[in-house]
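Asker: Here you go, one structure.
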Amino acid sequence: MAVLTSEAVVLRTWPVREADLLVSIFTRDYGKMTGVAKSALKSRRRFGGALEPMTVARAWFVERPKQELVRLDQLEIIRSPLSAPVDQARLTVLSFFAEVLEEILPEHDPQETVFRLIVSVLEQTTVEQPWMPLTYFSLWMTRLMGLLPDILHCTACGEALVPGETTFNAYADGLFCHVHRAGNANELSAESWQTAIKMLRAPVSAFAGEAWPRRRGQDLRRFATQSLERHMERKLKSGEMLGRMLG
């Protein structure tokens, strides 16, 4: 059996049989997969500190016939989330990234655009700036999963949306004009709507220099998170934590 290698992002680990771990990774070339890392808790040489969620690493693994689990032989750190300061906000944002990817991506399905997205937002997620990359990631994951219709026009009637008169609700994809707002609709502010338009046209690095207090884009993140949760048919634990953090 040939040993395969790919750049990967660690999503989650959980113990099995003494020092072994199950490791969920999202690879650039082979998609999301789960591997058995033998003696991972004992082997610093093969895994070191590369098992922290949201570590970008080079992975070596073997796909075994008629088995869903791969044999994960080694992880070599490219970028660790612990190489920069960590506080509760940054840690929770990183947990949100990991949980969304773990829950929404199918197994063994390469998603090059999603991989490039997560690598780019990880580079921007700092203690000083956690909310902008969170907003960017949430919005773009909604688009890449096919859950984001044209945000310039009302999903119901097709009329051009007006800043300050745009709404969304938890039970339908897309944005709506005031005429077609649902009874339980939320307002999407003019600033957030215009921010969404800009974010869908530019890389995350284009927003790195902007001031981004935690309240900025909160309604846009709620819109995107609701879309993702509706698709997954479950609430995101990290999303609830973020909600409590933001009040």
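Asker: Could you tell me how many degrees, from 0 to 90 and to the nearest 10, lie between the Cα long axis of helix 131-144 and the main elongation axis, the longest principal axis, of the Cα atoms of the chain?
Answerer: 90
Asker: If you scale each eigenvalue of the Cα gyration tensor by 5 and take the root, what three semi-axes come out for the range 4-82, rounded to whole angstrom and sorted largest first?
Answerer: 17, 16, 10
Asker: In percent, what relative contact order does the range 1-58 have, based on Cα pairs under 8 Å that are 6 or more apart in sequence?
Answerer: About 38 percent, as a whole number.
Asker: If you don't mind, there's one more thing I want to ask. Filter the GluC sites (Glu not before Pro) in the range 198-240 down to the DSSP loop ones having no more than 11 other Cβ atoms within 10 Å, then list what survives.
Answerer: Details: sites: Glu210, Glu229, Glu233, Glu240; in loops: Glu210, Glu233.
Hits after loop and neighbour filter: Glu210, Glu233.
Asker: Ok, one more. Determine the calculated [θ] at 222 nm for the chain from helices alone, applying -39500 (n - 2.57) to every DSSP H run no shorter than 4 residues and normalising by the residue count; nearest 500 deg cm²/dmol. It would help to have the intermediate numbers written out before the result.
Answerer: Working: 6 runs with 79 residues, N = 247.
-10000 deg cm²/dmol, from helical runs alone.
Asker: What would the Debye formula give as log10 I(q)/I(0) at q = 0.14 Å⁻¹ for the alpha-carbon point model of the chain, no solvent?
Answerer: Per q value, in the given order, log10 I(q)/I(0) is -0.92.
Asker: Using Cα atoms only, what is the angle between the long axis of helix 112-124 and the major principal axis of the chain, expressed in degrees (0 to 90) to the nearest 10?
Answerer: The helix 112-124 is inclined about 80 degrees to the chain.
Asker: List the residues whose amide H sits under 5 Å from the amide H of Gly174, counting only those 5 or more places along or on another chain, with H placed 1.01 Å from N in the peptide plane.
Answerer: Counting only residues 5 or more places away or on other chains, the set is empty.
Asker: In the chain, what % of DSSP beta bridges are antiparallel (nearest 5)? Kindly include the intermediate steps, with their values, before the conclusion.
Answerer: On the way: 34 of 37 bridges.
Roughly 90 percent of the beta bridges in the chain run antiparallel, per DSSP.
Asker: Please list 3J(HN,Hα) in residue order for the range 195-210, calculated via the Karplus relation 6.51 cos²θ - 1.76 cosθ + 1.60 where θ = phi - 60°; whole Hz, with x for glycine and proline.
Answerer: Values, residue by residue: 5, 4, 4, 5, 5, 6, 10, 9, x, 4, 4, 5, 9, 5, x, 7 Hz.
Asker: May I pose another question? Can you give the relative contact order of the range 48-178 as a percent, counting alpha carbon pairs under 8 Å and 6+ residues apart?
Answerer: 16 percent.
Asker: Could you give the distance between the Cα centres of the range 40-64 and the range 231-247, to the whole Å?
Answerer: Taking the Cα centre of each part, the range 40-64 and the range 231-247 sit 28 Å apart.
Asker: Dipole size in debye (nearest 20) for the range 88-246 around its Cα centre, Lys and Arg Cβ +1, Asp and Glu Cβ -1?
Answerer: Using only the charged Cβ atoms, the result is roughly 420 debye.
Asker: Can you compute 3J(HN,Hα) from phi for each residue in the range 70-77, using the Karplus curve 6.51 cos²θ - 1.76 cosθ + 1.60 with θ = phi - 60°, rounded to whole Hz and x for Gly and Pro?
Answerer: 8, 9, 8, 8, 6, 10, 10, 4
Asker: Okay, moving on. Take a quick pass over the chain and tell me how many lysine pairs come in under 23 angstrom between Cα atoms, counting only ones 8 or more apart or on separate chains.
Answerer: Lysine pairs meeting both conditions in the chain amount to 4.
Asker: Something else about it: To the nearest 20 debye, what charge dipole does the range 4-82 have about its Cα centre, counting +1 at the Cβ of each Lys and Arg and -1 at the Cβ of each Asp and Glu?
Answerer: In total the dipole reaches around 160 debye.
Asker: Then there's this: Taking H placed 1.01 Å from N in the peptide plane, check which residues at least 5 places from Arg64 or on another chain put their amide H under 5 Å from its amide H.
Answerer: Result for Arg64 returns Arg71.
Asker: Looking at the range 162-234, what % of the alpha carbon pairs are farther apart than 18 Å?
Answerer: Beyond 18 Å sits 43 percent of the P(r) for the range 162-234.
Where a number appears in this text, it was derived from the coordinates with a stated rule and is not lab data. Here the structure is a predicted model, which means the values were calculated and not measured. Virtual Cβ from ideal backbone geometry, glycine too; neighbours counted across all protein chains shown.
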